[in-house]
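See below for the structure under consideration.
The values are calculated or read from the model by the stated rules, or taken from the named source; none is laboratory data. Quantities reported herein were computed from a predicted structural model and do not represent experimental measurements. When we count neighbours, we look across all protein chains shown, and the Cβ atoms used for this are built from the backbone with ideal geometry, even at glycine.
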Amino acid sequence: MGVVLRKASYSPNIKERRDFSCALFDGEGKMISQAAHIPVHLGSMPLSVAAALEKFASHLHNGDCIILNDPYLGGTHLPDITLVTPVFLPTSSTPFAFVASRAHHADIGGMTPGSMPVAREIFQEGLIIPPIKLVRRGEIDPSVWDLLLANVRTPQERLATWPMAALILDWYHCRKKCYDLTSLICRGRKAKNELLGLLLKHLWRGLVQDALDILEEYRPQSKNIEKLDELIQYLQKRQAFIPNYRERRSQRQYIGSAHVEKANDLIVARRQKHQGMHWSEQTSDALAALRTLVLNGGWDLYWQKHQVLPLAIPVEA
């Protein structure tokens with residue numbers, strides 16, 4: 001559940017900082033399973049689920065989704081918004097279970113951008129959301145949606161709609177899927193490298209049908225027809241979401257998230273044997289510096305013009 005939330009997100013708060021949590025609840029609203037996410041989220045999340053059930057226990061339908069962030073009803077700070085969704089069995093009219101997620105949003109209104117001010121009262125912090133239905137029977141309530149967007153500074157970001165935005169298959173995951181399956185399809189490393197090279201050459205240019213034709217022609221040589229069909233079906237189902245990655249890269253458009261995610265793992269965390277991930281202030285600062293460099297064009301300045309972005313701009317006296 002957490003993996004899907006992170007992969008489907010657009011916000012760096014979720015995709016990179018991983019400021020989100022997920023949990024499962026039974027039909028009575030009692031937590032039965034939680035992910036290894038953020039303790040402060042998970043510790044208070046049952047209270048948010050209880051508040052949602054108290055208000056809508058007898059008015060829940062398949063496809064409903066309740067939204068809230070009220071700190072006095074199990075929330076944390078206001079940017080952490082919770083979604084509670086009932087799960088129904090095919091033959092039941094009452095919820096069998098509930099799934100809940102909580103994630104940090106970049107802005108929820110209030111007196112300062114980012115909605116984390118030095119405030120004297122909660123009303124200065126941002127929009128307080130009591131338990132309300134954001135989705136009814138699978139359809140977003142437009143009046144609730146408009147109310148939320150009218151109280152934030154970046155409504156386009158909350159909608160995940162930007163100019164030139166498009167839903168595409170992450171190039172890293174496409175390449176990795178081809179790499180993994182060609183290892184099981186081909187007889188030997190040389191054959192694998194040849195087939196993989198042809199596939200990636202065409203997929204990089206968005207020529208999915210040509211890649212599919214190559215796989216069909218390779219069928220007599222395949223050592224595992226089942227895995228060959230799996231790769232063919234993988235590409236067929238995602239054909240509409242495979243663009244010309246080469247063209248998008250030349251126009252400096254998004255083609256995948258893998259490098260950002262990997263950089264986050266390598267820079268922020270260090271792994272020790274039998275001790276899991278360890279975090280430090282120094283490595284967090286390093287990640288912040290790297291992000292600042294990328295966002296200000298310093299990365300391109302170095303690689304294209306061999307110049308270094310100054311860390312400080314001198315001010316004339």
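Couple of notes before you dig in:
- Of the helices (runs of 4 or more DSSP H) lying entirely inside the range 117-223, the ones with 1 or more residues being hydroxyl-bearing (Ser, Thr, Tyr), closer than 24 Å to ARG249 by Cα and out of contact with any strand residue (DSSP E or B) (no Cβ under 6 Å at 6 or more places or on another chain) are found at 171-185.
- Subset of the range 20-37 [assigned to a loop (DSSP other than H, G, I, E, B), in contact (Cβ under 8 Å) with a residue 40 or more places away in the chain and either in contact with a Phe, Trp or Tyr (Cβ under 6 Å, 6 or more places away or on another chain) or surrounded by fewer than 19 Cβ atoms within 10 Å (Cβ to Cβ) (or both)]: GLY27
- Test: residue in the range 176-192 that is touching a Ser or Thr at 6+ places or on another chain (Cβ under 7 Å), over 21 Å from LEU73 (Cα atoms) and modelled with pLDDT of 90 or more: yes
- Residue match in the range 81-100 (condition: in contact (Cβ under 8 Å) with a residue 40 or more places away in the chain, loosely packed, with under 15 Cβ neighbours inside 10 Å and either in the same structural domain as ARG17 (by TED's automatic domain parsing) or of a type in the set (Lys, Arg) (or both)): yes
- Given (1) surrounded by 13 or more Cβ atoms within 10 Å (Cβ to Cβ); (2) modelled with pLDDT of 65 or more, number of the condition PRO220 does not satisfy: (1)
- Pairs linking a residue in the range 40-58 that is among the hydroxyl-bearing types (Ser, Thr, Tyr) to a residue that is part of a helix (DSSP H, G or I), with Cβ atoms under 9 Å and 6 or more positions apart or on different chains, are SER44/PRO71; SER48/LEU73.
- Test for HIS61: is it surrounded by fewer than 17 Cβ atoms within 10 Å (Cβ to Cβ) and either in a strand (DSSP E or B) or in contact with a Lys or Arg (Cβ under 6 Å, 6 or more places away or on another chain) (or both): yes
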